[in-house]
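Below you'll find the structure, written out as structure tokens, and then a few comments.
The values are calculated or read from the model by the stated rules, or taken from the named source; none is laboratory data. Note that this is a predicted model, so its numbers are computed, not measured. Glycine gets a Cβ as well: all are built from the backbone with ideal geometry, and neighbour counts include every protein chain shown.
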Amino acid sequence: MEGYGIGMALILAVWSYIAIVTTLGPGLWWGEALICGAVTGLLVGNVQVGLQIGATLTLMSLGMWTYGGATMPDFMTGAILGTAFGALKGGSGALEAGLAVAVPASILMTQLDVLGRAVTTVFIHGADRALERGDIKGITRWHLLGQIPWGLTRAIPVFLAVWLGAGPVQNFINVMPEWFMKGMTVTGMVLPALGFALLMNMLPIKKYWPFLVLGFLLFAYLKVPVTGIALAGVAIGTLYMSLKGAELNG
Amino acid sequence: MANVQEGPVTKTDVVRAMWRHIITLQWSWNYERMQALGWLWSMLPILTKVYKDPEHLKAAMRRNINFFNTNPQVGSPAIFGAAVAMEQQENPDVADSIKVGLMGPFAGIGDSVQAILFRPILAVFAAALAMNGSMGGPLLFVAAGIFWIALMPWQFWLGYNQGTNLVQEVAGGGRIQRLTEGATIMGLVVIGGFVPSIMAGLTTPLKFARTLTVQGKATEKVVELQGILDQILPYMIPLLMVGFAFWLIKSRKMSPVKILLILTVLSFITAALHIL
């Protein structure tokens, strides 16, 4: 496949803008890597690679959350760029090529997240001044335009990377040596370990580890499919709650 | 649904404030006062009706542009609803203390419900579907977004009608705690099953030749290491990887980005040496 034209770069930039602003409010979750991967995949004509890259990034992000406004790797932009460039490669190496773009892009983009959150400070000062003038329309304007730094810190990098980056990135992808491809394949399989570990760090493992072992043996020894494990989880969780409730009520 | 109180503020104003809050609270999120401007803009339909005098209005607006930050989807609508009711009753001190007093607890409840319980289970499930090429994966996330938004108006009216009672409801939350515990257990069972299923691809191709003597004749036999590992403990390599990452977080206190780099380097080395 050839590189992308300015049109596709613009469409993906607009999508990234919409995805981040609707994530801010009302909270549509469109900024999730899996949604961005799938949407980008649909737009560039390779849904499969979008789903795979979105899924890999999603698993890496399991324990991550923007607690109190903290910055985390920008898997949204990573998924968009990774899917776009993975689709350029196409074929069997698409996932590896896409991940080679998606993972570093997610990390580099944290700088722009910080920039967006900082620049918006200008807007609340503008609103302070409007308030002192009694200018309600001014307050409204500063607030509603506050989305612009947020949106542009995603849309501009996406636009430039897809429009100008296709050449250099594609050259790199075309000459990817065998060892690099293999390394990326293994990386893709190993990285979910980070997500699981971060998540376990947030949970009271010390107190409840037997439930973790229970889930493991359901899959590893009894070969229960994942839906079955989820159902078992619901049953066990509910049972525990009602037993505990009975204990409390005497 | 709602019993809107008497006074200059109409039901339309209250509903408008609610939707402003639900849709745009975070649009002007910034490091300095975080959700403050979104809070003020959402409150304006109420404040402009209650305070006719421009100076009184300014004073009320200054109060409402103070620092605010909490979970925007779980908690914030309820806090805002309670504050709207208080502002409407010209009870500014109570409105402010509800806002300041509840943002912390609700951020704690909301973030653990969404980030520790809801999202990981959904994410692992959706990722598993997507890995198999199903659009069901991303659609699950779309449904999740709609689900949480659908709960927001309900929270708003709960806060609006409960007012100060909301504070007691949250403070004496034995029921909420038990619910969290049950959900944690469900999460752990699911994660325990998902670690091996998601990471099943991590196997070693290592083989080694062994010379066996069968009936006096020496024969070469190729033994696959993976087969031996499976007999000891199935999915041993995925478990070791998760254990290693967990150890880096817990004992070495490393940041996620650093661990990500370490795991990437480890993957490249083991791939180059044909270990994985």
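May I ask you to list the residues in the range B:25-67 that are free of Cβ contacts under 8 Å to residues at least 40 places away in the same chain, out of contact with any Leu (no Cβ under 7 Å at 6 or more places or on another chain), among the aliphatic types (A, V, I, L, M) and in a helix (DSSP H, G or I)?
Those that are free of Cβ contacts under 8 Å to residues at least 40 places away in the same chain, out of contact with any Leu (no Cβ under 7 Å at 6 or more places or on another chain), among the aliphatic types (A, V, I, L, M) and in a helix (DSSP H, G or I): B:Ala36, B:Leu37, B:Leu40, B:Leu44, B:Ala59.
Taking the options A:Phe123, A:Phe159, name whichever one is more than 18 Å from B:Trp39 (Cβ to Cβ), at pLDDT 95 or above and among the aromatic types (Phe, Trp, Tyr).
That would be A:Phe159, the only listed residue that is more than 18 Å from B:Trp39 (Cβ to Cβ), at pLDDT 95 or above and among the aromatic types (Phe, Trp, Tyr).
From the residues in the range A:166-182 that are assigned to a helix (DSSP H, G or I) and touching a Lys or Arg at 6+ places or on another chain (Cβ under 9 Å), which one is surrounded by the fewest Cβ atoms within 10 Å (Cβ to Cβ)? Full working, then the answer.
Initial filter on the range A:166-182 (assigned to a helix (DSSP H, G or I)): A:166-174, A:178-182.
In the following step, the residues that additionally are touching a Lys or Arg at 6+ places or on another chain (Cβ under 9 Å) were identified as A:170, A:173-174.
Working: A:Gln170: 18, A:Ile173: 23, A:Asn174: 10.
Looking at residues that are assigned to a helix (DSSP H, G or I) and touching a Lys or Arg at 6+ places or on another chain (Cβ under 9 Å), I get A:Asn174.
Tell me which residues, restricted to the range A:126-154, are among the hydrophobic types (A, V, I, L, M, F, W, C), more than 16 Å from B:Gln35 (Cα to Cα) and over 28 Å from the mean Cα position of the chain (by Cα).
Within the range A:126-154, A:Ala130, A:Leu131, A:Ile136 qualify.
Residues in the range A:117-138: is at least one closer than 28 Å to A:Gly54 by Cβ and either assigned by TED's automatic domain parsing to the domain that holds A:Gln52 or of a type in the set (Phe, Trp, Tyr) (or both)?
Within the range A:117-138, one or more residues are closer than 28 Å to A:Gly54 by Cβ and either assigned by TED's automatic domain parsing to the domain that holds A:Gln52 or of a type in the set (Phe, Trp, Tyr) (or both).
Could you figure out which of (1) free of Cβ contacts under 8 Å to residues at least 24 places away in the same chain; (2) crowded, with 16+ Cβ neighbours inside 10 Å; (3) touching a helix residue (DSSP H, G or I) at 6+ places or on another chain (Cβ under 8 Å) isn't true of B:Ala17?
Of (1) free of Cβ contacts under 8 Å to residues at least 24 places away in the same chain; (2) crowded, with 16+ Cβ neighbours inside 10 Å; (3) touching a helix residue (DSSP H, G or I) at 6+ places or on another chain (Cβ under 8 Å), only one is false for B:Ala17: (1).
Picking from B:Ala127, B:Ala115, B:Ala143, B:Ala150, which residue would you name as being of a type in the set (Gly, Ala, Ser) and buried (at least 21 other Cβ atoms within 10 Å of the Cβ)? Outline the logic, then answer.
On the way: B:Ala115 fails: buried (at least 21 other Cβ atoms within 10 Å of the Cβ); B:Ala143 fails: buried (at least 21 other Cβ atoms within 10 Å of the Cβ); B:Ala150 fails: buried (at least 21 other Cβ atoms within 10 Å of the Cβ).
When all the criteria are applied, what remains is B:Ala127.
Would you please name the residue that is nearest to the chain's Cα centre (by Cα), looking only at residues in the range A:187-227 that are in a loop (DSSP other than H, G, I, E, B) and without any contact (Cβ under 8 Å) to a residue 24 or more places away in the chain?
Here is the first cut: in the range A:187-227, the ones in a loop (DSSP other than H, G, I, E, B) are A:191, A:203-204, A:221-225.
Then drop every residue that is not without any contact (Cβ under 8 Å) to a residue 24 or more places away in the chain, which leaves A:203-204, A:221-225.
Details: A:Leu203: 21, A:Pro204: 25, A:Tyr221: 32, A:Leu222: 33, A:Lys223: 30, A:Val224: 29, A:Pro225: 26 Å.
Filtering first and then ranking leaves A:Leu203.
Considering only residues that are more than 7 Å from every other protein chain (Cβ to nearest Cβ) and either of a type in the set (S, T, N, Q) or within 16 Å of B:Ala126 (Cα to Cα) (or both), which ones fall in the range A:20-29?
A:Thr22, A:Thr23
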